[in-house]
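So the structure is just underneath, and the comments pick up after that.
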Amino acid sequence: MSRGLVAAAAVALVAVVAVAPSASADSGDDVPVGTRLAARTHPAVQLTSLTYSGEVVVPTGTIKQGPFNQLVNQATVAVLDGKISSDERSIAKYLFQQMAADVNRYLKPTSPERTVKAQVGGLCTGWWVTPDGYMVTGAHCVEMSDQELSDVFAAQALEKFNKQDAKSILKDLRGISADAEMVQLAQQIYVTFNSSHLKIRGLRKSLSVLQSLPGGGVDKTAKAVPAELVSVGESYPGKDFALLKVNGQQNLPTLPLGDDGDVQTGNTLYISGFPGLVTNTPFFSLESKLEPALTEGPYNAKRTTQEGVPYIQTQAPSYHGNSGGPVFSKDGKVIGMLIAGTVSDTGESSENESFVLPVSIIKEKLNEKNIKPAESLTTRRYNEALDDFFKRHYKDALPKFREVQALHPIHPYVAKYISDSQQAISSGKDETPQPMWLWIVIGAGVLLAILGGLALLSVILRRRKRAATPAPYGGGYAGSVAAPPWQQSLPPGPQSRQMAQHQSRQQVEYDVQAHVQGGVRGGIRDDVRGNAPHDAQAPVQAPFEAPAGTYGQRPDGPTQYVRPMPSPYGRPAEPVADQPSAAQVAELERELAELRRRLEQRPPGA
């Protein structure tokens, strides 16, 4: 096959492979950064719970008569001086205001003690850093100071007592109708007194992780998995870091850690977590309000606290409950952890100022406990599946999502992606390209078909060319019989006409000789020619010697024919027995004599 044909086949193969769609033709770049980042990171972001439970004990508040009588005298003087009105309601308000300003001067704790069982705590955000259950969150998310405990227990457990005590003191003001202001002042007296004399007995602390349900979020059926506190730093403005461990875990979704240098002023930061503004509202279902929320905003500046701890200031919105949540760069790597936000004079959070503990501090604390963050196989396969999903390669994504489900059966989101992928395939929305190896196989098949066709065409062309070229003798088998002398070229000269007649005679003799030798494989002793049988391997004698001065050649050496040669009379030669009879020999001799006679009768040059 010529090089041109091979080149044409190669070009055809390249053309077939070239039509194969590129696997990266649709990279899913039209998907917003926040959408892709939320899909990748939400499975590893979990709701954490800190719970304190115990028995709250408060004494009964009793008025100290001496100090109270002095207060009444002060009120009388104030009325006489015209500082307050002389009506009883104004005088009562004056007394309550003075008592609220210095409660312990006018009230003392007495029996009986009152008790109530209470449970307090808070919700924060945590995130997995290893497949076997190590979680990062904020220090203030895992413990409270004594003062904080008293405040939260007082706020939750003492409300009933505060109202009862205020109602009791108002009853002592006989004949005076209490208005809202007086009720509020009376309650404030006992809020302060009961809180300052509160005791907690049998205090118990627990940490847990609320694992998301399929589809995301949690509800009353969500399982709270106990967590062990491994390490805790100092609350803000210190190194506000805590490390938890949930035992019995494997193949958990994890988040990758970046570096402080991954972001700088002006870059967009992304905060993930559970904002209390939504978590504590009664307007949303548990399933929806306990799903992580993603907010974003610019990196404003890098700050340093008086303790020398660096913090990043960002305008990404955050709320109570977001504490401990991961903060990402646009590449989806953790560059810090949300810790604090600015608070107004009324205690309201300012959503446009948040402070982030840099990832370098997180790495430092993990190294202290020899914890090595690692990507889980669940996360790797899940991210691969998401890449295919966002490219609309649903057929490629579906088996990977199923693998994720097998690796981590309680994965909160994979079941929804499996359902969405199946629906997209059924709706004809799949754009999965054929794998490159399939196109290569198809191209190879096409190449083989082209090469086979070209080879067949080449064979046919050679056969046609061979058929158009005269055979050496009788159109027979190339190379089996030497070219007859009369077909050999003669030089021009006066002997040409004389040699023509001589060659004609020799042709007849050569035909007969070939007929005898081809039809009888060494079976006839050619007495006419005096040749030995072929079986004896005797050399075949040339039928004639070329006349002197010609360029004729002797026939080739001994040749044994394995097939009959074509008959010079236009019909196949009849096979001859190994031992010919005398009649057969005589018949051949008569034929030879007749041929000689006819040749002698032909005019010269015919």
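Bear in mind that the values in this text are calculations on the coordinates, not laboratory data. In this text the structure is predicted, and so the values were computed from the model without any measurement. All Cβ positions, even for glycine, are placed from backbone atoms using ideal geometry, and neighbour counts span all protein chains on display.
Computed packing ranks the peptides 128-139, 98-109, 255-266 as 128-139, 98-109, 255-266, most packed first, by mean other Cβ atoms within 10 Å.
Measuring r between the beta carbons of Lys416 and Gln147 and using R0 = 60 Å, the FRET efficiency lands at 0.85.
For the stretch 394-461, the Cα gyration tensor yields ellipsoid semi-axes of 46, 13, 6 Å (square root of five times each eigenvalue, largest first, whole Å).
In this structure, the amide hydrogen of Glu234, modeled 1.01 Å from its nitrogen in the peptide plane, lies closer than 5 angstrom to those of Lys239, Phe241, counting only residues at least 5 positions away or on a different chain. Using R0 = 51 Å, the C-beta based FRET efficiency linking Ser581 and Ala444 works out to 0.20. Can you compute the modelled spin-label distance between Lys64 and Ser196, with each label point 7 Å from Cα toward Cβ, in nm? Modelled inter-label distance: 0.9 nm. Each residue, Lys83 and Ala301, gets one label point 7 Å from its Cα in the Cβ direction; the gap between the two is 4.7 nm. Distant-in-sequence amide contacts of Trp127, defined by a placed amide H-H separation under 5 Å and a gap of 5 or more residues or a different chain, comprise Gln46, Val136. For the stretch 65-203, the spherically averaged projection of the C-alpha convex hull amounts to 11.7 nm². Of the trypsin sites (Lys or Arg not before Pro) found in the stretch 294-382, those in coil by DSSP whose Cβ has at most 15 other Cβ atoms within 10 Å are Lys369.
Backbone N atoms of the stretch 76-109 closer than 14 Å to the 7 Å Cα→Cβ label point of Glu181 belong to residues 84-98. Projecting the Cα positions of Ala38, Met99, Gly122 onto the charge dipole of the stretch 20-155 (unit charges on Cβ atoms of Lys, Arg, Asp and Glu, taken about the Cα centre) puts Met99 furthest along the positive direction. Annotation: amide H of Gly273 within the under-5 Å range of Ala293, sequence separation 5 or more or interchain, hydrogens built in the peptide plane. For Glu113 and Lys429, a Förster radius of 56 Å and the Cβ-Cβ distance give a FRET efficiency of 0.20, rounded to the nearest 0.05.
With a threshold of 28 Å on the Cα-Cα distance, the over-threshold entries among Lys64/Lys205; Lys93/Lys160; Lys205/Lys365 are Lys64/Lys205.
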